[in-house]
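Encoded as structure tokens, the structure appears first; notes follow it.
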Amino acid sequence: MGNSGGSLTTRSAGDLHQHMWAAGFTGIDDTEALAEGWQTTHFADAGRRSLPALVQRTETPAVMVSFLDSDVGFIEALAPDGNNWEGLLNREKAKSYEIPLEHFPIEPAVAGALAWAAASGLTPDEEAIRQTLTGSALFAEELFSALIVALGVPGAT
């Protein structure tokens, strides 16, 4: 069992790599521009306080996922107003890793995702968020891509 990095999606002006590096992210890949200032990138590792440091530094919302062998994804999202939520991707696979699913209840994650999206100026799709948080896929990266679309991030596919 190993870590296979993560993905970050945020709305940020300027050099996202510089902000991520300063916030403690490592192994940062090229950034993909989405729309309306939103960007996404992959990284090798993030520190425990990397997401809050990034949001504080950029004063913009961000959502990230840390992958466990591309099988399971641990989601963290934070907006500058402090609105945050956490979730888990690929619950069935997480069971096989003996990850305690009770630490990642679905309803609070859905409610948190909806509030975070609204605070971020997005128009989320509640049912699509729920499906993503309860669904299964061969790779957790597929579920994260679907989640970004469900959250209403402009230009996400």
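The values are calculated or read from the model by the stated rules, or taken from the named source; none is laboratory data. Since the structure is predicted, the reported quantities are computational estimates derived from the model, not experimental observations. As a convention, Cβ positions derive from the backbone with ideal geometry for all residues, glycine included, and neighbour counts pool all protein chains shown. Accessible surface is based on the protein model in full, side chains and every heavy atom, while ligands, DNA and RNA are left aside. Shrake-Rupley method; radii C 1.70, N 1.55, O 1.52, S 1.80 Å.
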**Report entry** Where a residue in segment 138-153 is on the phi < 0 side of the Ramachandran plot and its partner, wherever it lies, is open to solvent by 60 Å² or more (accessible area, probe 1.4 Å) and part of a helix (DSSP H, G or I), with Cβ under 9 Å and at least six apart
**Finding:** A140/K93; A146/Q131; A150/E126; A150/E127; A150/Q131
Query - Count - residues of segment 1-14 that are modelled with pLDDT under 85 and more than 24 Å from L68 (Cβ to Cβ) - result: 3
Query raised in the report: Quick check, is G5 farther than 25 Å from A118 by Cβ and either open to solvent by 10 Å² or more (accessible area, probe 1.4 Å) or part of a loop (DSSP other than H, G, I, E, B) (or both)?
Result: no
Query - Test set (1) at pLDDT 95 or above; (2) closer than 20 Å to S12 by Cα - A109 fails condition number - result: (2)
Query raised in the report: Among the residues of segment 133-144, is there at least one that is modelled with pLDDT of 95 or more, aliphatic (A, V, I, L, M) and farther than 22 Å from G5 by Cα?
Result: no
Query raised in the report: Within the set of pairs 6+ apart or on separate chains, which have a first residue in segment 37-50 that is outside any strand (DSSP E or B), a second that is open to solvent by 80 Å² or more (accessible area, probe 1.4 Å), and C-beta atoms under 7 Å apart?
Result: G37/A13
